[in-house]
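Notes to accompany the following structure.
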Amino acid sequence: MTEAVWTEVDAYFSSLYAQEDDALAGAVRSGLEAGLPQIQVSPNQGKLLQILARAIGARRILEIGTLAGYSTIWLARALAPGGRLTTLEFDPKHAAVAAENFARAGLSDRIELRVGAALDTLPALAGEAPFDFVFIDADKENIPAYFTASLAMTRPGGLIVVDNVVRDGRVADASSEDGAVQGVRAFNALAAREKRVSASALQTVGAKGYDGFCVLLVEGAA
Ligand code: SAH
Ligand code: DHB
Ligand code: MG
């Protein structure tokens, strides 16, 4: 099977299950026009994140890595009434584009965007904890640290989802010197021995090539 087939099948499923409205399509377009990297989750992946967050009745969501706010919009629309989402972004230019997209989506009242390196902005979020759902999708070298910080702030029964855990299969290469691959591998080793979570990783192909999510359930009574 070729990548062209994956993309065609992804488009087929998206057309059925994950149609973009003006706010989502506008988020992609604004990122393109502003020269942002086109690395947002695919429509189907956004829908999956939304379903997972809805399934646990999420009222507090944390996202690490905003970009133009595409995944943020999928997730904010999962919030139960009165719910709030906090999203962390390092690059002020990305944050400015995202803020416009949240306004256009009518979600500014539910989304708090914090600009800065996530390692610096995470500690101040303890007051907003516990979170029900966390999506980790920023720099891959720091995934272990983001996971540790997220776990400390997620309620029992909550979910943590980590993007980009496959990277064209490079994750299986223990000798890789790619810092992103090492970050993902260090995270997987940490998660696998962490008794407070139950984890599974899902390989995905489609519009974003060959990659995947790690989904972790925080153990304990909900
Ligand atoms: N979640 C988005 C895509 C995020 S891309 C979506 O699917 O729509 C990764 C983002 O993480 C980029 O915008 C990048 O600027 C940001 N980022 C990189 N390093 C970061 C850091 N140290 N702290 C916070 N954000 C960071
Ligand atoms: C990259 C980052 C991502 O979060 C992603 O989903 C795809 C690619 C990257 O940095 O190349
Ligand atoms: Mg990603």
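The values are calculated or read from the model by the stated rules, or taken from the named source; none is laboratory data. Since the model is a prediction, treat every value here as computed from it, not as a measurement. FYI the Cβ positions are ideal-geometry reconstructions off the backbone, even for glycines, and counts take in every protein chain you see. These area figures cover heavy atoms from the full protein model, side chains too; ligands, DNA and RNA do not enter into them. Shrake-Rupley method; radii C 1.70, N 1.55, O 1.52, S 1.80 Å.
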| request: Could you grab the pairs with beta carbons closer than 6 Å, sequence gap of 6+ or different chains, first residue in the stretch 171-193 and of a type outside the set (Lys, Arg), second one open to solvent by 80 Å² or more (accessible area, probe 1.4 Å)? | output: Ser176/Arg170; Gly179/Glu141; Val181/Arg170; Gly183/Glu141
| task | Could you please find all residues in the stretch 171-222 being touching a Pro at 6+ places or on another chain (Cβ under 7 Å) and within 21 Å of Asp139 (Cα to Cα)? | result | Gly183, Ala186, Phe187, Leu190
| note | When the stretch 1-50 is checked residue by residue, the ones that are exposed (fewer than 13 other Cβ atoms within 10 Å of the Cβ) and among the β-branched types (Val, Ile, Thr) are Thr2, Val5
| Residue satisfying condition, being within 8 Å of ligand 1 (Cβ to nearest atom) and touching a residue at least 60 places away in the same chain (Cβ under 8 Å), within set Val41, Val97 | Val41
